[in-house]
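I have placed the structure first, in the form of structure tokens, so that the comments after it can refer back to it.
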Number of protein chains: 2
Amino acid sequence: MIAVIMAGGSGTRFWPASRKRKPKQFMDITGNGPMLLETLERIGALARDREIIIVLGREHRDEAGALLGNRPVHIVAEPMGRNTAPCMGLGAIYARSLGYADPLAFLPADHFVGDPKAYLEALQAAEEAARRGSIVTLGIVPTRPETGYGYIRRESKALEAGNLKSYRVSSFTEKPDLENARRYLAEGDYFWNAGIFVATPETIIDEINTYLPDLFDGLVQIEKLLGTEQFETTLEEVYTQLLPISFDHGIMEKTEREVYVVPCDCAWSDVGSWASLYELRSADRDAQQNLVDGQALLIDCEGSFVRGLGQRLVACLGIKNCLVIDTPETLLVADLDRSQDIRDIVEGLKKAGKGALI
Amino acid sequence: MIAVIMAGGSGTRFWPASRKRKPKQFMDITGNGPMLLETLERIGALARDREIIIVLGREHRDEAGALLGNRPVHIVAEPMGRNTAPCMGLGAIYARSLGYADPLAFLPADHFVGDPKAYLEALQAAEEAARRGSIVTLGIVPTRPETGYGYIRRESKALEAGNLKSYRVSSFTEKPDLENARRYLAEGDYFWNAGIFVATPETIIDEINTYLPDLFDGLVQIEKLLGTEQFETTLEEVYTQLLPISFDHGIMEKTEREVYVVPCDCAWSDVGSWASLYELRSADRDAQQNLVDGQALLIDCEGSFVRGLGQRLVACLGIKNCLVIDTPETLLVADLDRSQDIRDIVEGLKKAGKGALI
């Protein structure tokens, strides 16, 4: 299997631990090493290094180089972020230029998967359907009425594919309110959209030709120059002109092609906030539901997430539901339930002329 | 007036900003400079430097030296802390050896006084009564039903002394419960015991002779050696044998001498905890009642006290009633209402073998 690892994000949702120059995918967020390496290790059973194409931001090339050493993976650097449609298109033409016509698995580099076996089985099932020209997406079996994710609805009739069933997709839906999220969970034919797709390079490029013709023209231009000196300059010229658009909005919501979903129950999380990491790591919490990394002393604390630096001690007394993140340059103390609002802090820093801390 | 500044404490109530090697009296807690210097400046209108005797712990002699430079104050270093009775006895014999027979003002080095004029007037009134052989204490006019202080009850009939009335003391009482504290406040003849005493050296030494004979014997031994090479060694021998005892328990609760209280309404605080400092600095708080020192960014926070280091930014999001104290070696995050329990953290550090952080 050929894997395109999408490592282009520069999110600040894990600020101050994640920074512009070292976003989440390059960090050890879950305690299993940098998420990019974890993603490579997970897919390692299906794809050898030379079958892996990592698409990342140019500003993170050195960071990735330091992590990857001499591993013979392919690296394509985007000059700037333009969301997932250009990223996947670039991955597809790069794979085609390497001579690959088989299905590609497009995998975000910064997700957590608790059950890699289930995940890999779903990818293999998806590969079979994708080989026939379909776009296949993994549908994460929901475990709670989550309002933070988009959903994929399946049709009722299953198609056999490998060991796992796959279904025609009936619709993609935006993040629901709590009432609808509860209904989705109860009805059983809705899955979380994890942004994981499997399709051949030809399918991806054809779809882009149909629905995103400007992107298609750009990709055609770039493809000719792969491996030449003009590649980087032309890539930058093309990307500068592109509008950012996601593969979901640009293609999936419009395509008339057959689209399949393979249900996958693999203890997945997009680890989208400190609170979601806290949820994920329930096994690491103490009896008072505190989650502690680093050197800390907690007295009478409950439900708090304290992440210290190696040497510096963090002492906590009587705090509840609190998030404490200590880094060499900054310290964050927040209500854990407000961790999705860390962007407000990041915006505040920008306004205060402290962009260097982001 | 001769002042004995009692600078011997090694409290940890302002941990982690205060440390064993640099307790509160050597720190800038209120923003007006180190509390010891603030105390000297306050008493400066009544006592010249050479009329000031500072009693401090031997381990803080260098710290004090750095603060005081070449100022011609007298410094007496206790080899170890034995509470206020030995400290005041040592101050008294030291003053006597300098030839002073006039009343001494015994002043804690780590208190806040918002109205120094009222404070100095009360000390002068106390001096007059003390000159006749009485022990005089300043009674702080209570402004709230405080349960954290001991109280002094006065008799009803006032004696004129200087510009201020003074009263015979009817009793000293321990820290009350809230109900009694409310009653004390309503009745109007109770004052906070600030541990500020005025008495002649002779009065102090006589009282010690009567109620603390072991201490008296020790002091007599020490007095002979003042200014000789054996002084330090003998002082240590004597102190090692002494039981710690406060002047309140050892003398004031037993004495049959006339004891007076001079009411003093001087915006006083013993600044005994982070919460009391937060209370004190109401003028420095923002509209959401946050008190911020150093570089910080607060979003949606209320009633919190955030003290950052100079350079390191502290970002706070959605916290309420929280205490955040950042120092180079440790970080404290606590419920502000629990700040009197910081000793639990200090004890926890000792148990965890991290005494170096205290």
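Within segment B:110-124, the set of residues being in a helix (DSSP H, G or I), touching a helix residue (DSSP H, G or I) at 6+ places or on another chain (Cβ under 8 Å) and open to solvent by 20 Å² or more (accessible area, probe 1.4 Å) comprises B:116, B:120.
Does any residue of segment B:295-303 turn out to be buried (at least 21 other Cβ atoms within 10 Å of the Cβ), within 7 Å of chain A (Cβ to nearest Cβ), in a strand (DSSP E or B) and without any contact (Cβ under 8 Å) to a residue 40 or more places away in the chain? Yes; the residues of segment B:295-303 include at least one that is buried (at least 21 other Cβ atoms within 10 Å of the Cβ), within 7 Å of chain A (Cβ to nearest Cβ), in a strand (DSSP E or B) and without any contact (Cβ under 8 Å) to a residue 40 or more places away in the chain. Restricting segment A:285-294 to residues that are at pLDDT 95 or above and among the charged types (D, E, K, R), the residue that is surrounded by the fewest Cβ atoms within 10 Å (Cβ to Cβ) is A:286.
Does segment A:272-289 contain at least one residue that is in a loop (DSSP other than H, G, I, E, B), within 25 Å of residue B:352 (Cβ to Cβ) and within 13 Å of chain B (Cβ to nearest Cβ)? Checked segment A:272-289: no residue is in a loop (DSSP other than H, G, I, E, B), within 25 Å of residue B:352 (Cβ to Cβ) and within 13 Å of chain B (Cβ to nearest Cβ). Please verify whether residue A:281 is under 25 Å from the mean Cα position of the chain (by Cα) and open to solvent by less than 50 Å² (accessible area, probe 1.4 Å), treating the condition exactly as stated. It is true that residue A:281 is under 25 Å from the mean Cα position of the chain (by Cα) and open to solvent by less than 50 Å² (accessible area, probe 1.4 Å).
Among all residues of segment B:221-232, there is none that is in a helix (DSSP H, G or I), within 28 Å of residue B:129 (Cα to Cα) and either touching a strand residue (DSSP E or B) at 6+ places or on another chain (Cβ under 9 Å) or among the polar types (S, T, N, Q) (or both).
Kindly provide the set of residues from segment A:229-238 that are open to solvent by less than 60 Å² (accessible area, probe 1.4 Å) and within 19 Å of residue A:53 (Cα to Cα), ordered by number. Listed by number, the residues that qualify are A:231, A:235.
Based on this model, can you work out whether residue A:292 counts as within 27 Å of the chain's Cα centre (by Cα), more than 11 Å from chain B (Cβ to nearest Cβ), over 22 Å from residue B:354 (Cβ atoms) and among the β-branched types (Val, Ile, Thr)? Against the criterion (within 27 Å of the chain's Cα centre (by Cα), more than 11 Å from chain B (Cβ to nearest Cβ), over 22 Å from residue B:354 (Cβ atoms) and among the β-branched types (Val, Ile, Thr)), residue A:292 does not qualify.
Every residue, every condition in (1) closer than 22 Å to residue A:257 by Cβ; (2) within 23 Å of the chain's Cα centre (by Cα), yes or no:
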position	(1), (2)
A:115	no, yes
A:120	no, yes
A:126	yes, yes
A:132	yes, no
A:139	yes, yes
A:150	yes, yes
A:194	yes, yes
A:200	yes, yes
A:207	yes, yes
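Among all residues of segment A:64-74, there is at least one that is touching a strand residue (DSSP E or B) at 6+ places or on another chain (Cβ under 9 Å), buried (at least 20 other Cβ atoms within 10 Å of the Cβ) and not basic (Lys, Arg). Checking each residue in segment B:305-326 for being more than 7 Å from chain A (Cβ to nearest Cβ), in contact with an Asp or Glu (Cβ under 9 Å, 6 or more places away or on another chain) and under 19 Å from residue A:313 (Cα atoms) picks out B:306, B:307, B:308, B:309, B:311, B:323. Taking the criterion of being open to solvent by 10 Å² or more (accessible area, probe 1.4 Å) and at the interface with chain A (Cβ under 7 Å from one of its Cβ atoms), the residues of segment B:327-342 that qualify are B:329, B:335, B:338, B:341.
For residue A:38, the conditions (1) closer than 30 Å to residue A:294 by Cα; (2) open to solvent by less than 10 Å² (accessible area, probe 1.4 Å); (3) within 15 Å of the chain's Cα centre (by Cα) all hold with the exception of (2). Residue B:254 passes every criterion in (1) open to solvent by less than 50 Å² (accessible area, probe 1.4 Å); (2) more than 19 Å from residue B:77 (Cβ to Cβ); (3) free of Cβ contacts under 8 Å to residues at least 60 places away in the same chain apart from (1).
In the set B:13, B:19, B:48, only one residue is more than 14 Å from the chain's Cα centre (by Cα) and open to solvent by 30 Å² or more (accessible area, probe 1.4 Å); that residue is B:48.
Against the test of being under 28 Å from residue B:218 (Cβ atoms), touching a residue at least 60 places away in the same chain (Cβ under 8 Å) and part of a loop (DSSP other than H, G, I, E, B), the options B:133, B:99 yield a single qualifying residue, B:133. With respect to the conditions (1) in contact (Cβ under 8 Å) with a residue 60 or more places away in the chain; (2) not in a helix (DSSP H, G or I), residue A:240 lacks only one, and its number is (2).
Out of the residues in segment B:1-33 meeting the condition of being in a strand (DSSP E or B) and aliphatic (A, V, I, L, M), tell me which one is farthest from the other protein chains (Cβ to nearest Cβ). So, considering only residues that are in a strand (DSSP E or B) and aliphatic (A, V, I, L, M), the one farthest from the other protein chains (Cβ to nearest Cβ) is B:2.
Counting the residues of segment A:313-335 that are outside any strand (DSSP E or B), more than 20 Å from residue B:320 (Cβ to Cβ) and polar (S, T, N, Q) gives 1.
All of B:46, B:40, B:107, B:36 fail the test of being over 30 Å from residue A:297 (Cα atoms), in a loop (DSSP other than H, G, I, E, B) and modelled with pLDDT of 95 or more, apart from B:46. Kindly evaluate residue A:207 against the criterion of being surrounded by 22 or more Cβ atoms within 10 Å (Cβ to Cβ) and in a helix (DSSP H, G or I). Yes; evaluated as a whole, the condition is true for this residue. Evaluated against (1) within 23 Å of residue A:140 (Cα to Cα); (2) open to solvent by 20 Å² or more (accessible area, probe 1.4 Å); (3) not small (Gly, Ala, Ser), residue A:221 falls short on exactly one condition, (1).
If you go through segment A:304-338 and keep only what is touching a residue at least 24 places away in the same chain (Cβ under 8 Å) and among the polar types (S, T, N, Q), you end up with A:304, A:327, A:330.
When residue A:189 is tested against (1) open to solvent by 70 Å² or more (accessible area, probe 1.4 Å); (2) of a type in the set (Asp, Glu); (3) without any contact (Cβ under 8 Å) to a residue 60 or more places away in the chain; (4) more than 26 Å from residue A:76 (Cβ to Cβ), only condition (1) is not met.
Just one of the listed residues (A:267, A:356) is in contact with a Gly (Cβ under 6 Å, 6 or more places away or on another chain), modelled with pLDDT under 95, more than 9 Å from every other protein chain (Cβ to nearest Cβ) and more than 23 Å from residue B:332 (Cα to Cα), namely A:267.
The values are calculated or read from the model by the stated rules, or taken from the named source; none is laboratory data. None of the values given here were measured: they were computed from a predicted structure. Cβ: placed from backbone, ideal geometry, glycine included. Neighbour counts: every protein chain shown. For the accessible areas, the whole protein counts, side chains as well, though only heavy atoms, and no ligand, DNA or RNA atoms are used. Shrake-Rupley method; radii C 1.70, N 1.55, O 1.52, S 1.80 Å.
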